[in-house]
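A short write-up of the structure that comes next.
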Amino acid sequence: MAPAPWDDVPAEDTHFVLVTGANSGIGFGIGQRLIDEYLTTRSLSAHLILIPTTRSVKKSQETINALRQHARQFAATSQALRARVGPGYDPRDTTRRVHVLSVQLDLCSFASIRRAADQLVRGTLSSPSADADFVSLVDMTIPRLDAVIFNAGVGGWTGLDWPKVAHNILTKGLVQATTWPTFKAATAGHTVNPLPSGPPVGEVFCANVFGHYLFAHALVPLLSRLAGSPLAPGRIIWESSVEPVWDCLSLDDFQAIKTSAAYESSKRLTDTLVLTSTLAPSKPFVARYLQNDNTTETTTTPPKIYLVHPGVVQTTLFPLNAFMFFWYRIVLYVARWLGSPWHPITSYNGACAPVWLALQEQGALDSVAADRVKWGSSTDRAGNCRVMKTEVEGWGWDGTMTVAKRPVGRKSGAVDLTKERREEFEEVGAKCWREMERLREEWEARTEEGTSA
């Protein structure tokens, strides 16, 4: 087995990041932005190992090629890199420090989740290249993961409910209507069979939440750190949405099968799980989740869990024909020009907050209690990106009763957090963690039985 190009590099000068659903949309934008920001902020000898997941070998190769092309173009045109190196700058020295590998992952197939996790934890990944701008990678082992960004998902929408479009805009205004829309049409009852045998699971719930949940548990050995390690613990970064509110999630319809707002339910569940993961009622379930057969609580530091959303980004996740796609984009720009902070619009801009969480120093995140905040990608009217705290119903801005004097990006009709609502949110969170752990153990046993059969 050939040595990896990063083997002789100090561990602190390498960064391993996995992004699900990275062949298009926000996931691909995250890959592009990770390359740009890592190369311009880290040591000139540092190596980035980027692992996009897709659902097929063909898409994986296309994604690898596209991200390599982006790295090549950025290395050739970046004035920041040229200024850092000086007159002797060679773009090839930069591109050969960017390594893109891929694994196939279908989040609605538990066998696929197991195969992908086994390949990462116990197997090897390859990405051969005849291009001298990049190092050919054959049978590379992945020693750890510094961050996993759970971006992949489905919307489950069928189009626009035109009467609601008009009602939203006339009653709430354009900015509020395009930030917290209720005009996305969808139908209820969508399920999927994640194993050949066994009961069906809510499709959107499985793709957006449960598949990632199983995948993260299987990756715990790569995300944990031995006690005393100088490296920061791995980060599980869950991507939510700016949209979900309290009523989106019903514990009586936990898998969002009966509701026509399955996407919003899945994102509200994501918010609830992450923001309550450090609270006492949830801790017994979280501790169990962040361990597996290869880790113990006394000898390893478990990964940290963070929450992020990309703002309002136009992607093909929402089904629109070409004519409506064009005009919807114009409407989003108008909303930004009217002062909305939540309209990054492009995938690259929407990647701002996820990439910030993946690359930020651990001490900086700890100093702002980053695991207690929903971080959002935001822009000003000119499209300049920034990361902003996002208000979550039942949690506020950071789980405290503190309210900004002039809160920006707040939903109309939002009320300040009360002690009673905060306690209810905490209680719901513990119930969600309990149910997720019950489902995980049930389905892992079913998957094991299917593998052994």
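The values are calculated or read from the model by the stated rules, or taken from the named source; none is laboratory data. Remember, it's a predicted structure, so these values are computed and weren't measured experimentally. Cβ coordinates were reconstructed from backbone atoms using ideal geometry, including for glycine residues, and neighbour counts include every protein chain displayed. We work out accessible area using only protein heavy atoms, side chains counted, and drop any ligands, DNA or RNA first. Shrake-Rupley method; radii C 1.70, N 1.55, O 1.52, S 1.80 Å.
Any of Lys184/Lys419; Lys164/Lys411; Lys267/Lys411 with alpha carbons more than 27 Å apart? Name them for me. Can you show the working numbers first?
Details: Lys184/Lys419 33 Å; Lys164/Lys411 18 Å; Lys267/Lys411 16 Å.
Pairs exceeding 27 Å: Lys184/Lys419.
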(request) Would you mind computing Rg(Cα) / (2.2 N^0.38 Å) for segment 100-215, counting N as its residues? (result) 1.52
(request) For the chain, just give the cysteines left without a disulfide-compatible partner, judged by no other Cys Cβ under 4.7 Å. (result) Cys108, Cys206, Cys248, Cys432
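How big is the Cα convex hull of segment 1-157 in projection, averaged over all directions, in nm²? Present the calculation step by step, with values, prior to reporting the outcome.
Numbers: hull surface 39.0 nm².
Value for segment 1-157: 9.8 nm².
Could you give me D for segment 59-103, from Stokes-Einstein at 4 °C and 1.567 mPa s, where the hydrodynamic radius is the Kirkwood radius over C-alpha pairs? Units µm² s⁻¹, please. Please report the intermediate quantities before stating the final value.
Working: Rh = 11.2 Å.
Result for D is 115 µm²/s.
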(request) Pop out the ³J(HN,Hα) list for segment 96-109 in order, Karplus 6.51 cos²θ - 1.76 cosθ + 1.60 with θ = phi - 60°, rounded to Hz; leave Gly and Pro as x. (result) 6, 9, 10, 10, 10, 10, 9, 9, 8, 8, 10, 6, 9, 10
(message) Rolling a 1.4 angstrom probe over the protein chains, ignoring ligands and nucleic acids, what is the accessible area of Arg42 in square angstrom, nearest 10?
(response) 40 Å²
(request) Could you compute the FRET efficiency for His167 and Ser136, with r as their C-beta to C-beta distance and R0 at 41 Å, rounded to 0.05? (result) 0.10
(request) Using only the alpha-carbon atoms of the chain, report the extent along each of the three principal axes, biggest first, to the nearest angstrom. (result) 60, 54, 43
(message) If I model a spin label at Asp253 and Ala80 as a point 7 Å from the Cα along the Cα→Cβ vector, what separation in nanometres do I get?
(response) 4.5 nm
(message) Considering only protein heavy atoms and a probe of 1.4 Å, how much of the accessible area of the chain is carbon and sulfur, as a whole percent?
(response) 54 percent
(request) Can you pull the one-decimal nm distance between simple spin-label points at Val245 and Asp7, each 7 Å off the Cα toward Cβ? (result) 5.7 nm
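Run the numbers for Val415 and Ala185: contour at 0.36 nm per residue of separation, minus the present Cα-Cα distance, in nm. Before the final figure, lay out the partial values.
Numbers: separation 230, 0.36 × 230 = 82.80 nm, distance 2.73 nm.
My answer for the length gained is 80.1 nm.
Which helices, taking whole DSSP H runs in the chain, have alpha carbons extending 18 angstrom or more along the helix axis plus mean Kyte-Doolittle at least 0.5?
On the way: long enough: 25-41 (24 Å, 0.27); 57-77 (30 Å, -0.82); 262-275 (20 Å, -0.16); 322-337 (23 Å, 1.08); 419-452 (50 Å, -1.85).
Qualifying helices: 322-337.
In the calculated pair distance distribution of segment 237-383, what percentage of Cα-Cα distances lie above 22 Å? All intermediate terms of the calculation are to be shown ahead of the outcome.
Details: 5638 of 10731 pairs.
Of all Cα-Cα pairs in segment 237-383, 53 percent lie more than 22 Å apart.
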(request) Could you give the size of the charge dipole of the chain about its Cα centre, using +1 on the Cβ of each K and R and -1 on the Cβ of each D and E, expressed in debye and rounded to the nearest 20? (result) 1160 debye
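Could you give the accessible area per residue of the chain, probe 1.4 Å, as a whole number in Å²?
Averaged over the residues of the chain, the accessible area is 43 Å².
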